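Below is one structure, written out as structure tokens; the observations come after it.
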Amino acid sequence: GDSDVTRRVRVVETTVFYNPIRAAIRTFTPKEEIIMKEQDKFEISLLQRDVKRITAQVEIAQDIMEGVDNIIRWRSKPLSLFSMIFFVLTVYYVEIWMLPLLGGCALLWSHFVRRVGIKRFENWVQIPGSRAYFERNKDSEDAGSTGFSAKLDKMKAVFTTAEGIQKALDNMAGIMEKVGHIGQWKCEFVSVIVTIIMFVAGIALYFISIRIIIIGWGLNKFRKFYFKPNLVDNNEVADLLSRVPSFPEIEKYRQIRTRGVKSSDKPEKAE
């Protein structure tokens, strides 16, 4: 019977020798590929999760840029004055070799904060929306996923997510295409301007220190918003790229031009 069956268990003992030097060297080699792994499948929930992950990082960058914008616009005059002096002193005295040391000090400080038990930075990175996504109850999700209205909401969420991804991909592809078109002289006027700027910048960097240029650029930012608090700032590089057409825009202009040529070639009907 089943009671007569003897279960045999094979115990394998292994000894692991860990060498931190070899481990550090192997860190810079390609990672071993996992052969036995689940095949990636398209799921709406995973797509929404990834979008929320990207949105969280974008919101962090937006918060940082908003803080910098508030400083430049002199919303708090003592803070803006201190930031301007700190910016000038940092650019003037900091050397290139100090940047890796600052990065190492930042990592050591993060390790110290982690060991001491002070509030960690991950709590600031996580947003309530993404946290609720991972902590939601599976049973309530399954219970609410029935019915035509629930399916319709899912379809709307998919289309909204897909539209956002499509727009982001279009913007990224457009920027890279426009940079390439400048080098290919697709828009000759802009390419001429960029060429002149490159030569002028090279000559300026030969005679003027990069520190002086950066300090002048930063002080100009503070000066503009101090005298004109409601000034709408612009990005000169983005404005320049906006004058260069991308591939879809070139095709659209080409079709418009072709239609205009065809319409002009048509013989006029005699009255």
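Here are a few things to note about the model shown:
- Sequence-ordered 3J(HN,Hα) estimates for region 159-167 from the Karplus curve with 6.51, -1.76 and 1.60 and θ = phi - 60° stand at 5, 5, 5, 5, 5, x, 5, 4, 5 Hz, glycine and proline given as x.
- Karplus (6.51, -1.76, 1.60) ³J(HN,Hα), θ = phi - 60°, over region 214-222, in Hz, Gly and Pro reported as x: 5, 5, x, 5, x, 5, 5, 4, 4
- Ranking by accessible area, most exposed first, for H181, H111 with a 1.4 Å probe: H111, H181
- Using θ = phi - 60° and Karplus 6.51 cos²θ - 1.76 cosθ + 1.60, couplings along region 204-209 (whole Hz; Gly, Pro as x): 5, 5, 6, 9, 10, 5
- Area accessible to solvent at Y93, 1.4 Å probe radius, in Å²: 140 Å²
- Solvent-accessible surface of protein heavy atoms, probed at 1.4 angstrom with all chains present, puts L241, L81, L169 in the order L169, L81, L241, largest first.
- Radius 13 Å from Cβ of K178, net charge of other residues (Lys, Arg +1; Asp, Glu -1): -2
- By accessible area, using a 1.4 Å probe on protein heavy atoms only, region 11-117 has 66% of its surface on carbon and sulfur.
- Largest-first principal axis extents of the Cα set of region 82-121 (Å): 35, 25, 12
- Using heavy atoms of the protein chains and a probe of 1.4 Å, the accessible area assigned to K228 is about 130 Å².
- Per-residue SASA remark: E188, around 130 Å² accessible (1.4 Å probe; ligands, DNA and RNA not included).
The values are calculated or read from the model by the stated rules, or taken from the named source; none is laboratory data. Treat the numbers as computed from the prediction; the structure is a model and nothing was measured. Note that each Cβ is placed from the backbone with ideal geometry, even for glycine, and that neighbours are counted across all protein chains shown. SASA here: full protein model, heavy atoms, side chains in, ligands and nucleic acids out. Shrake-Rupley method; radii C 1.70, N 1.55, O 1.52, S 1.80 Å.
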